[in-house]
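Visitor: Sharing a structure, written as structure tokens. Questions coming.
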Amino acid sequence: MRDNIRILYVDMPIGYKAFTMPKDDFYTIYLNSRYCLEQNITSLEHELAHIKNGDYDKYCPVDLLEFYSHNGNMG
């Protein structure tokens, strides 16, 4: 796992559970403060899996990235 991860809790509209912004090999994970602890843990694990898998190093539209993340390996 990478050492360069920051986690922030921010007020976002319902429907946005979490997202990650990579910049210069540093990752900021934003978790929606409107969701419960259990959902934020699930969302954090999901975002960390993207980082661990190197998904942000791949050139791929985010919707397609999410599809493969939930339905199979990108190869």
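Visitor: So who's got an amide H within less than 5 Å of the one on Arg34, skipping anything under 5 residues away but keeping other chains? H placed 1.01 Å off N, in plane.
Guide: Here Met12 satisfy the definition.
Visitor: Same structure again: Which ³J(HN,Hα) values, rounded to whole Hz and listed in residue order, are derived for region 38-53 from phi using the Karplus coefficients 6.51, -1.76 and 1.60 in 6.51 cos²θ - 1.76 cosθ + 1.60 with θ = phi - 60°, glycine and proline given as x?
Guide: Going residue by residue, I get 4, 5, 5, 5, 4, 5, 4, 4, 5, 5, 5, 5, 4, 5, 4, 7 Hz, with x marking Gly and Pro.
Visitor: Let me ask something else. Please list, ordered by chain and number, the residues whose modelled amide H lies under 5 Å from the amide H of Phe19; skip anything fewer than 5 residues away on the same chain.
Guide: The list, which skips near neighbours in sequence, is Tyr30.
Visitor: May I pose another question? For Tyr9, what residues show an amide H to amide H distance below 5 Å, using hydrogens built from the backbone and excluding near sequence neighbours?
Guide: Leu31
Read the figures in this text as sums done on the coordinates, not as results from a lab. It should be emphasised that the depicted structure is a prediction, and the values quoted were computed from it without experimental measurement.
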